[in-house]
1. Of all residues in the range A:380-397, how many are in contact (Cβ under 8 Å) with a residue 12 or more places away in the chain and facing chain B (nearest Cβ under 10 Å)?
2. Would you check which residues across the range A:45-65 are buried (at least 22 other Cβ atoms within 10 Å of the Cβ) and outside any loop (DSSP other than H, G, I, E, B) and list them?
3. Select, from B:Val224, B:Val196, the only residue that is outside any strand (DSSP E or B), within 12 Å of chain A (Cβ to nearest Cβ) and within 30 Å of B:Gln260 (Cβ to Cβ).
4. Out of (1) buried (at least 21 other Cβ atoms within 10 Å of the Cβ); (2) touching a residue at least 60 places away in the same chain (Cβ under 8 Å); (3) under 26 Å from the mean Cα position of the chain (by Cα), what's the single condition that is false for A:Val311?
5. Step by step: first the residues of the range A:1-44, then only those that are of a type in the set (Gly, Ala, Ser) and part of a loop (DSSP other than H, G, I, E, B), then the one that is modelled with the lowest pLDDT. Which residue is that?
6. Need at least 1 residues that are under 42 Å from the mean Cα position of the chain (by Cα) per element, so show me which strands (runs of 3 or more DSSP E) inside the range A:75-134 make the cut, counting only ones lying wholly within it.
7. If you check A:Leu252 against the conditions, is it among the hydrophobic types (A, V, I, L, M, F, W, C) and more than 20 Å from A:Ala309 (Cβ to Cβ)?
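The values are calculated or read from the model by the stated rules, or taken from the named source; none is laboratory data. Everything numeric in this text was worked out from a predicted model, so none of it was measured. Backbone-built Cβ (ideal geometry, glycine too); neighbour counts: all protein chains shown.
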Number of protein chains: 2
Amino acid sequence: MEFLTAITSDVALRIIASFPLAERQTVEVPLEAAPDRVLAADIIAAEDIPPFSRSLVDGYAVKVKDTYGARESTPALLVPAGEVRVGEATEKRMGEGEAVYVATGAMLPEAADGVVMQEYVRRSADDLEVTRSLRRGENICFAGEDVRAGQVVLERGKGLTPFDIGVLAALGITRVSVYRQPEIGLISSGDEVVPVEEAPPPGKIRDINTHTVSSLLMDKGCMVRFAGIARDAVRDVRDKLSMVRESDMILLSGGSSKGQMDFVTTAIEALGGTVLFHGLNIKPGKPTIFANLWGKPVFGLPGHPVSCAMVVLRFVLPLVRRLKGETREERSHAVRGRLATNVPSSYGIEEYVRVTIERAEDLVVVTPIFAKSSVISMLSRADGYFIVPEGKEGLEAGEEVEVFFFA
Amino acid sequence: MEFLTAITSDVALRIIASFPLAERQTVEVPLEAAPDRVLAADIIAAEDIPPFSRSLVDGYAVKVKDTYGARESTPALLVPAGEVRVGEATEKRMGEGEAVYVATGAMLPEAADGVVMQEYVRRSADDLEVTRSLRRGENICFAGEDVRAGQVVLERGKGLTPFDIGVLAALGITRVSVYRQPEIGLISSGDEVVPVEEAPPPGKIRDINTHTVSSLLMDKGCMVRFAGIARDAVRDVRDKLSMVRESDMILLSGGSSKGQMDFVTTAIEALGGTVLFHGLNIKPGKPTIFANLWGKPVFGLPGHPVSCAMVVLRFVLPLVRRLKGETREERSHAVRGRLATNVPSSYGIEEYVRVTIERAEDLVVVTPIFAKSSVISMLSRADGYFIVPEGKEGLEAGEEVEVFFFA
């Protein structure tokens, strides 16, 4: 057999997860550039949000005890005591039995502890009739109710969402310390591969993996440095690896034949690197290499485009998260659905089955797309994939599977 | 009541979906810039992919009929007839009983219709012993098996995934015709709102919505033009609207009080626009305006940050998809999970409940986060939301709900 040392995906993921990474560098970016970046330091609120108690509705600020027992038939009578305009500061302090008009967002007078909505207030001569009683705090956002000064609002290692950006804006934080984007060195290889802008002569094909892989990486916030296409020669692979030596990680795609893979492992070892695994019990994606070179992680990815993409999704992206400095576990967006057809698979091999997903009422129907691992067009038609575990020998139509979305 | 004309979300979504949009402009981008852009024309393959039949394994190209009945004890005897190297063209035509060595990816000699893996071949003196019989096509990717010349491989209106980029690369397409990115005019409003870089004096708060909304829009591939913060005055709102007149859509955030909303509708009408709806039976998000101004869609978004964000997610983003030229229905990434607690809600109002999502074995646990609609920090802690339909008066712990992820 070709890969005597092939290991399971579990072992591979553990080896990848324990790869020692260099400390991440940080950089300060303006708020507009912060979405999707990863926080390099906890964000501690320097002030209360909101900074003052605000009305959540158009109505009258009151002391709620003045409304106790009020109802349509026996309204509470309050004395109108002016208005606070939206955006205006007030130093007013509520007196007993008073009601101050406040529109949504207006600052509340001191000692106001409820706002009665306009529709529950009637004007009668000099009085205001309040036709229902209020709970304390009703229709108010109190000072510090959103964020308290001194509180850790966002933690180091968090990828910033649009809502996190909102929190930073609320606090007046216009520059944010984030981790530098990982820079990934990308190499294509193979005597049969020509750049996409060249017409391939007979026997050769265009470089697909560089484009697929760099799209996948850039989508995850990486910068990609492409070193070009290495010929199937130790010398050339070495040269290309050296070109991207400064990257945080190196991915070399191509090399599914025994000979091509030997060039890759030989070149890595010749440069002083250590191959950590070579060959995985997965399908597609078996001819995968993982190595430590110059203290950096290096993947040798299979040449078939589908195999290459699946290995990136399952094995490379978790390491990308670590390189980005993300400390939280990834949110799983997997859905459970029922298989439309039987799925054959081999015992002892973890298989990745590409599928389409259709929703019909409460049912999620998962239909496998069967195609060879060189067929990229099928991947572009698929919605996601599921994993047939090593211990399974096929699945049956109607069985429930957990599907991971491609995008 | 404040909004006599409040409509249901269904009606609102229909009005939004039927808004007549101007024809989308197209632009040509290089392949590297094509991910996430939307195709403006069908992609028709000009050639077969792969352009020639290739081996999927390291082994020997054969005529499969020469292997019929072969097994370990009674191998088929074949004559070694050279090798095709990876990347090399061959004009060889297989003869009867011949076997040609091919590594993975190598071009196959004409008339070869199967490749036997190396491990099923023994060398004996001058012969090759093949120890199993092959199916036709085994371990071959035939010319045109991935893509056939003349085939529509990707359709107009498709947002390009990394795998689509791979398909384009395979076809040697280095420039792609895509729709221009929508340009969204963004206005903040409110006398209480100051820019994020200013320290708000008492009674005022920083502009949150501009930052949240522009992150949400840029994440979806929009360009955002910010016109600044309009004061609560028809004149100022008019001026700001005119500043972003050339945009494909205008979003004006802020304005939850009756007075503020009146400025917005008055300004739109004064400029010759038509308010299509004003007030939604939803919570949060009730004070939402949708209008046609200069033939462009205009949203007046509620001022409370959570309300504003929810309205963008549920009502604005579907229109963003249309503006981008996406013709496919959006893939739903919703998951079904069980409520950890009871959820009160009001009959007749569609409510959006922010939640955290935890996975435990096969169970997805959905825990509501109860907070006022002004509290942005809670949104940054939530994983997603679910919808309580109008016809429901609360849900009970243990009930199943469909949760939409925020990111």
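1. 4
2. Answer for the range A:45-65, where residues must be buried (at least 22 other Cβ atoms within 10 Å of the Cβ) and outside any loop (DSSP other than H, G, I, E, B): A:Ile49, A:Arg54, A:Ser55, A:Gly59, A:Tyr60, A:Ala61, A:Val62.
3. Every option except B:Val196 fails the conditions.
4. (2)
5. Among them, the one singled out is A:Ala6.
6. A:98-102, A:114-117
7. Considered against the rule, which asks whether it is among the hydrophobic types (A, V, I, L, M, F, W, C) and more than 20 Å from A:Ala309 (Cβ to Cβ), A:Leu252 comes out as no.
Residues checked against (1) more than 13 Å from chain B (Cβ to nearest Cβ); (2) of a type in the set (A, V, I, L, M, F, W, C):
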| residue | (1), (2) |
| --- | --- |
| A:Ile250 | yes, yes |
| A:Gly255 | no, no |
| A:Met261 | no, yes |
| A:Gly272 | yes, no |
| A:Trp294 | yes, yes |
